Amino acid sequence: MKPLRDMSLTTKFFLGIGFIVIFFWCLFNVLIYFNLKDTSINQTYEKTDILFSHIQATVQYIRKQVRPKLFHILPEDSFIPEAMSVSFMNKGIMSEFKKSFPDFEYRRVAINPMNPRNSPNKLDLRYIGLFRNKKIEKIREVVKQNGKRYFIQARPIVIEKECLLCHGDPANAPVSLVRLYGKKGGFYRNAGEIIGVESIAIPIDEAFLQIKGLVFSIFLTGIVGVVFLFLSVNYYINIVAVKPIKDVSRFFKSVVKGEKDLDTRVEVASKDEIGELAEAFNRMMAYLKNSQDKMKGSELKYRRIFEGSKDTILIADCEGFIQDVNPAGLELFGCEDKSNLIRHKTFYDIFINKDDYTDFLDRMKNVGFVKDYETQLRGIDGGLIDVLITANFRRSDDGEICGFEAIVKDISEWKRVQDRLKEADRLASIGQLAAGLAHELNNPLGIILGYSGILMKELREKDGVRSDIGVISRNAETCKRIVEDLLKFSRRTETRPELLDIHRLVDGVVEMLSYQVEAKGVDIARKYSSSVPEVMLDREKMRQVFMNIIVNAIQAVSPGGEIMIESNCNKSPSRIFISVRDNGVGIPEEIRGRIFEPFFTTKEPGEGTGLGLSVSYGIVKEHHGDIIVESEVGRGSTFTVSLPMERGVRSGHV
């Protein structure tokens, strides 16, 4: 069927008409053939009827005229076959007839005849049986004998009363007849008895061959005429219809390919159906142009919304495969090439918790949409993204679900802010508790230290009790330092900012810690950026911040370890960064979020109070800054202090 689809309309038309015309022309010729054949057979019937009529007239003439006169003229018991035998005379007449028509055959036969030459063959016996059994008057049929077809008309031979003189009792028959044929056959017949058959066979092969030749000539003449007619009609249709339609088709293809725009029009050269088609095409072009303009405007409007939205807009099909995503979505998932997402990733793939995806779909199916569904998605790099999803099903024109559209809002920063607010509230509560504990413990500790000092003065150097009191005094001093740290953590002291060179401040801290550095064999390198300006800071508080961070770095590294202190600045936003990087043990991820908690420490008892980083964090926040921690177990940690470069930091309390 494909070759037929690839044919032109003209070819299909003429092939179809050609097959139809040839089919009916063949049918017409077949009908002509059978009609001529039937006519030829009917004419043959008429010829045999004429012959039989002639034979019957001869028989009646012999019986009624010739035979009675001969019986009066001839001596009694005389019989002349040539003049008195019907069979003999008919065969003689037909033998003369056959000289002119040699293909004609006449037979007159009987069962048990007087003359053995008149015995029947198988076909004659069949005819005699049909005449006797079915009581029919004549038989007409076409039979094939000796490789030729013949039309045969056969009639029964019936014994009449006049025949009994010769075919009845042989005693009553003419003596000369008995002497000629004997008494073996042809006698003892009864009136009305069918004793044989008389037939005429006419060959019809030549007639049928002539009919076939005539029909074939008519067929060829018709085919030639049809071909000529088709060529003429094809030329006319090509000029009148095909060429104009092809012109319209070529014009339409040029518009589809973009070679011509929708403003172009087809030239209307006539007012017939082709002209109406061209006019309809022009109206369609105008409608398409109008629709295209509206579609472009609508597409541009929604494309701007889609591309310009700062929230992720995502479109997926029924199977969840992502069909399109806006630039904000690419940024959210950390994807530079859109093809890595489209048709390769499903919504299911980017859900961290697969149960959330199932719940998300169930809600969609129940109400048709989901609003502000909070979950976590996975970026291309595997990172976690906290999001709110608002989505609804997309439906086709017949109402079937064909996918869904979703707006994904990144709330990672909001979640971090919420966590920081919770942490700040918790730290404030802990600070209030620490202040109360410090004040309650400070007085008893002062009494213990005072009385232990008095006892130390009263006792001699070698007194054993004096060493015990010394232990009490030293431990009380340790408790007092803890209480002082608690007071520093909780007390809101006034901040006195001044314009400082932060590099000198850090160098002073390193110089103060030089003894610890040399004792452990730690190498501290410094790499300062000359673009870092002087900033407004509280000298003592910021010294305490860097003291805590650098001391922690010294304690984290092994003997002979390395510490790098770097500085740089960023003009947008305008901030300076001081980072302290060590190659120590690093901070495990499970405790990294707790390092700024008060009293949280991983050091041995007596080595630290767990308040240093929490106090430092509060001081940096008072300066509108932040502390950023990066760490990898076994490779070290980096603490980066971020501070604003504004020179007008207001006085406050920490």
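The values are calculated or read from the model by the stated rules, or taken from the named source; none is laboratory data. This structure is a prediction, so every number in the text was calculated from the model and none was measured. Backbone-built Cβ (ideal geometry, glycine too); neighbour counts: all protein chains shown. Just the protein is used for accessible areas: all its heavy atoms, side chains included, with ligands, DNA and RNA removed. Shrake-Rupley method; radii C 1.70, N 1.55, O 1.52, S 1.80 Å.
If I model a spin label as a point 7 Å beyond the Cα along the Cα-Cβ vector, how far apart are those points for LEU300 and LYS148 in nm?
Computed distance between label sites LEU300 and LYS148 equals 9.7 nm.
May I ask for the distance between the Cα centers of segment 304-363 and segment 31-54, given as a whole number of Å?
Distance between centres, Cα-based: 92 Å.
Does segment 95-142 come out rounded, prolate or oblate, given a ≥ b ≥ c as the square roots of the eigenvalues of its C-alpha gyration tensor, rounded meaning a/c under 1.5 and, failing that, prolate meaning a/b above b/c?
The shape class here is oblate.
Exceeding 20 Å between C-alpha atoms, which entries from my cross-link table qualify? They are LYS148/LYS212; LYS37/LYS144; LYS257/LYS338; LYS310/LYS354.
Violating the 20 Å limit, Cα to Cα: LYS257/LYS338; LYS310/LYS354.
How large are Rg and Dmax for segment 309-359 when calculated on the C-alpha trace, in angstrom?
Looking at segment 309-359, its Cα Rg and Dmax stand at 10.8, 30 Å.
With no solvent and one point per C-alpha, what does the Debye sum give as log10 I(q)/I(0) for segment 297-411 at q = 0.09, 0.13, 0.18, 0.23 Å⁻¹?
The Debye formula, applied to the Cα set alone, gives -0.22, -0.47, -0.93, -1.50.
How long is segment 188-256 along each principal axis, judged by its Cα atoms, biggest number first, in Å?
Projected onto its principal axes, the Cα set of segment 188-256 covers 105, 23, 15 Å.
Compute the FRET efficiency between GLN323 and HIS624 as 1/(1 + (r/R0)^6), taking r as their Cβ-Cβ distance and R0 = 41 Å, and round to the nearest 0.05.
With a Förster radius of 41 Å, E is 0.35.
Which entries of LYS371/LYS415; LYS422/LYS480; LYS301/LYS345; LYS91/LYS122; LYS69/LYS99; LYS64/LYS184 have Cα-Cα distances beyond 26 Å here?
LYS422/LYS480; LYS301/LYS345; LYS69/LYS99; LYS64/LYS184
Computed over the Cα atoms of segment 231-370, what is the convex hull's projected area averaged over all directions, in nm²?
About 14.6 nm², averaged over all directions.
Provide the gained length on full extension for the span SER176 to LYS138, in nm with one decimal, where the gain is 0.36 nm per separating residue minus the Cα-Cα distance.
Using 0.36 nm per residue and subtracting the Cα-Cα distance, I get 10.3 nm.
Please compute one quarter of the surface area of the Cα convex hull for segment 495-595 and express it in square nanometres.
7.4 nm²
Please give the contour-minus-distance gain from LEU214 to GLU273: 0.36 nm per residue of separation, less the Cα-Cα distance, rounded to one decimal in nm.
16.8 nm
Based on the mean of other Cβ atoms within 10 Å per residue, sort peptides 10-20, 166-176 so the most packed one is first.
Peptide ranking by packing, descending: 166-176, 10-20.
Using a cut-off of 10 Å between beta-carbons, work out the net charge of the residues near ALA286 (Lys and Arg +1, Asp and Glu -1, ALA286 not included).
Result for the neighbourhood of ALA286: +2.
What residues qualify as long-range amide H neighbours of GLU160, i.e. H under 5 Å apart, gap of 5 or more or another chain, H built at 1.01 Å from N?
HN-HN under 5 Å from GLU160: GLY192.
Relative contact order for segment 212-348 using alpha-carbon pairs under 8 Å, separation at least 6, rounded to a whole percent?
12 percent
Within segment 12-54, which residues have the backbone N less than 18 Å from the label spot 7 Å out from PHE101 along Cα→beta-carbon, could you tell me?
What the label zone holds, given the 18 Å backbone N cut-off, is 38-54.
For segment 281-420, what % of the accessible area comes from carbon and sulfur atoms, probe 1.4 Å?
50 percent
Enumerate the whole-percent occupancy of each 10 Å bin, from 0 to the last occupied one, for all C-alpha pair distances of segment 154-310.
Taking every Cα pair in segment 154-310, the percentages come to 8, 15, 11, 8, 8, 7, 7, 6, 7, 7, 8, 5, 3, 1, 0.
Ranked highest first by average number of other Cβ atoms within 10 Å, how do 284-292, 199-207 line up?
Descending packing order for the listed peptides: 199-207, 284-292.
Taking a probe of 1.4 Å, how large is the accessible area per residue of segment 159-257, in Å²?
61 Å²
When you count, for each residue, the other Cβ atoms within 10 Å and take the mean per peptide, how do 133-140, 583-590 rank with the highest first?
Ranked by mean Cβ neighbours within 10 Å, highest first: 583-590, 133-140.
Accessible area per residue, 1.4 Å probe, Å², for segment 523-598: what's the number?
Value returned for segment 523-598: 49 Å² of accessible area per residue.
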